[in-house]
Amino acid sequence: ELNSTPKKGEVYTLKSIRGKVIHIAKQPKGYAFPEYRGKVVILEMFGKDCPHCISEIPIIKKIRNRYRGKLEVIAIQSQDRMSKFTARDYINRHKIRYPIIEGEDATNLQYSIQETFSWTGILPYTLVIKNGVVEYIYSGEVSYKDLQKDINEII
């Protein structure tokens, strides 16, 4: 039985497709990322076959480059699990340098996001988090201009 109501302070230990271990700690108003302390974190739920998600990749990459050193991106792939080959191909084709975690490896985190932020499963679904607090949520595709404006407010 999956625990769908994480207690405050519950820590999810997740591994990216490329093997990077990432800890995500549940906070009252969001999540903390011990590996990225002091940085703004974009936590994005996306699907490998979702056209809106694919067109958002260049926007996320551009934001990550613009705020290098101040911002990190973690992506959760929320559609069917990718094979190792598909995952490698996807990462290379889109030149993705930030960690991607398979959704099946992060089901409790996804339940927590559904429960806490009323995520309905729409993709992409993007949280902008600073100091453990979710500052902005975008349900569906977000423009570079809007994302940049909001990040400027909190950086």
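Which shape class applies to the chain: rounded if a/c is under 1.5, otherwise prolate when a/b exceeds b/c and oblate if not, where a ≥ b ≥ c are the square roots of the Cα gyration tensor eigenvalues? Rounded, since a/c falls under 1.5. Annotation: aspartates and glutamates with alpha-carbon distance below 20 angstrom to residue 145 (same-chain offsets under eight excluded): 44, 56, 72, 135, 153.
Please compute the per residue accessible area over the range 3-76 with all protein chains in place, 1.4 Å probe, rounded to a whole number of Å². Write out the running numbers ahead of the final one.
Details: 3560 Å² over 74 residues.
Per-residue accessible area for the range 3-76 comes out at 48 Å².
If R0 is 41 Å, the Cβ-Cβ spacing of residue 49 and residue 131 corresponds to a FRET efficiency of close to 0.75.
Express the accessible area of the range 111-155 per residue in Å², computed with a 1.4 Å probe while the remaining protein chains stay in the model. List each step's numbers first, then the result.
Details: 2220 Å² over 45 residues.
Result: 49 Å² of accessible area for each residue.
How much of the accessible area of the chain, probe 1.4 Å, is carbon plus sulfur, in whole percent? Each step should come with its number before you reach the end.
Details: 3910 of 7960 Å².
Looking at the chain in its full context, I get 49 percent from C and S.
The values are calculated or read from the model by the stated rules, or taken from the named source; none is laboratory data. Owing to the predicted nature of the structure, the values given are computational and were not obtained by experimental measurement. Quick reminder, even Gly has a Cβ in these numbers, built from the backbone with ideal geometry, and neighbours come from all protein chains shown. Please note that ligands, DNA and RNA were not included when accessible areas were found on the heavy atoms of the full protein model with its side chains. Shrake-Rupley method; radii C 1.70, N 1.55, O 1.52, S 1.80 Å.
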